[in-house]
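**Q** Here it is, the structure, as C-alpha cells.
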Amino acid sequence: MGSQDDLEREAERAVQEKRYWDAEQILIGLEATASPFVFRTLGWMNEMGVSSSPSIERAIDYYKSAIDVGSKRALADLGVALSKASKDAEAIPILRKVSMEGNLSALYHLSCALLRQEDARSRREGMELLKEASDRGHLIAERDLASVEYRNRPSLQKLPSYFWKRLIISAKVFKLYIRDRYSDNLY
C-alpha cells in the first residue's frame, strides 16, 4: 500500500476517469487521516450523486469535517450544499461571507437562496445578486436571468405560439453556451 499522497492522487485520478466506486473505496480508507482533500472529495461525490449511496446530508457532514481540519475552500462547498438542501437559514450567512470573498458560485447560490425567501426585501436583494452574478459571467445566472426576462417582457408574451417563445429563449441560452463553453464560471 502506498503513501497517503499516492493514494490521494490515485483517488483523484479515479474521479477524473469517472471510476467513482474505486475512488470512494480509496477515500473511505483514508478517512481516519483527516485530510481536507478526502473530506471535500467525499462531500462532492455525495453532493453530485456519484457515491455508492449519495446523500446531501452526508455531503454536508463531510464538508463540515473538511472545515474542522482546516479547509477554507470547504466553506463555499458547505454553503452551496446547504442551499441545495433548502437549508437557507444556515446557508445564507455562509454564502454571504464566501461571496464577499469573490466566490462567483457562492454569489449565485446566495441569490437563489434569497429568491426563495418570503419577504420582498430578500427577494429584491436576490434578484440584484442574480444580476451581479450574471454580469460577472456566471453562465447559469445568465440563463436564469434570461428566463426571468422572457417571463417579464410583454412583447415576448404576445408571440403567437409556444414554439416561437421557446426558440427565442433557447437562442439566447445557446449563444451563452457557445460563448462560455470552456468557462470556469459555470458552477
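The values are calculated or read from the model by the stated rules, or taken from the named source; none is laboratory data. No experiment lies behind these values; they were computed from the predicted model shown. Neighbour counts run over all protein chains shown; Cβ positions are idealised from the backbone, glycine included.
**Q** Under 9 Å between Cβ atoms, at least 6 apart or on separate chains: pull out the pairs that start in the range 63-91 with a residue that is touching a residue at least 60 places away in the same chain (Cβ under 8 Å) and closer than 13 Å to Gly43 by Cα and end on any residue that is surrounded by fewer than 23 Cβ atoms within 10 Å (Cβ to Cβ) and not small (Gly, Ala, Ser).
**A** As it stands, the answer is none, since no pair meets every condition given.
**Q** Hey, another quick one. Identify, by number, the condition in (1) under 27 Å from Ile94 (Cα atoms); (2) part of a helix (DSSP H, G or I) that Trp21 doesn't meet.
**A** (1)
**Q** If a residue has to be touching a residue at least 24 places away in the same chain (Cβ under 8 Å) and under 16 Å from Tyr63 (Cα atoms) to count, how many in the range 92-104 make the cut?
**A** Filtering the range 92-104 down to residues touching a residue at least 24 places away in the same chain (Cβ under 8 Å) leaves 99, 103-104.
Filter once more, so that each one left must be under 16 Å from Tyr63 (Cα atoms): none.
Adding up the residues that qualify gives 0.
**Q** If the Cβ limit is 8 Å and pairs must be 6+ apart or interchain, which residue in the range 117-131 that is without any contact (Cβ under 8 Å) to a residue 60 or more places away in the chain pairs with which residue that is β-branched (Val, Ile, Thr)?
**A** Taking only residues 6 or more apart or on different chains, the pairs are Met127/Val148; Leu130/Val148.
**Q** Take Glu57 and tell me if it is assigned to a helix (DSSP H, G or I) and under 26 Å from Glu24 (Cα atoms). Explain how you work it out, then say what you get.
**A** Numbers: assigned to a helix (DSSP H, G or I): yes; under 26 Å from Glu24 (Cα atoms): yes.
Yes: the conditions hold for Glu57.
**Q** Any residue in the range 102-120 that is out of contact with any helix residue (DSSP H, G or I) (no Cβ under 9 Å at 6 or more places or on another chain), in a helix (DSSP H, G or I) and farther than 22 Å from Glu31 by Cα? Walk me through how you get there before you give the answer.
**A** The first filter runs over the range 102-120 and keeps only residues out of contact with any helix residue (DSSP H, G or I) (no Cβ under 9 Å at 6 or more places or on another chain), leaving 102, 118-120.
Adding the requirement that they be in a helix (DSSP H, G or I) leaves 120.
Checking which are farther than 22 Å from Glu31 by Cα leaves us with 120.
Yes: the range 102-120 contains one or more residues that are out of contact with any helix residue (DSSP H, G or I) (no Cβ under 9 Å at 6 or more places or on another chain), in a helix (DSSP H, G or I) and farther than 22 Å from Glu31 by Cα.
**Q** Tell me, please, whether a residue that is surrounded by 15 or more Cβ atoms within 10 Å (Cβ to Cβ), under 16 Å from the mean Cα position of the chain (by Cα), modelled with pLDDT of 75 or more and closer than 23 Å to Asp77 by Cα can be found in the range 178-187.
**A** The answer is no, given that none of the residues of the range 178-187 is surrounded by 15 or more Cβ atoms within 10 Å (Cβ to Cβ), under 16 Å from the mean Cα position of the chain (by Cα), modelled with pLDDT of 75 or more and closer than 23 Å to Asp77 by Cα.
**Q** In addition: Can you say whether Leu104 is within 20 Å of Val80 (Cα to Cα) and either within 17 Å of the chain's Cα centre (by Cα) or modelled with pLDDT under 85 (or both), as far as the supplied structure shows?
**A** Details: within 20 Å of Val80 (Cα to Cα): yes; either within 17 Å of the chain's Cα centre (by Cα) or modelled with pLDDT under 85 (or both): yes.
Criteria met by Leu104.
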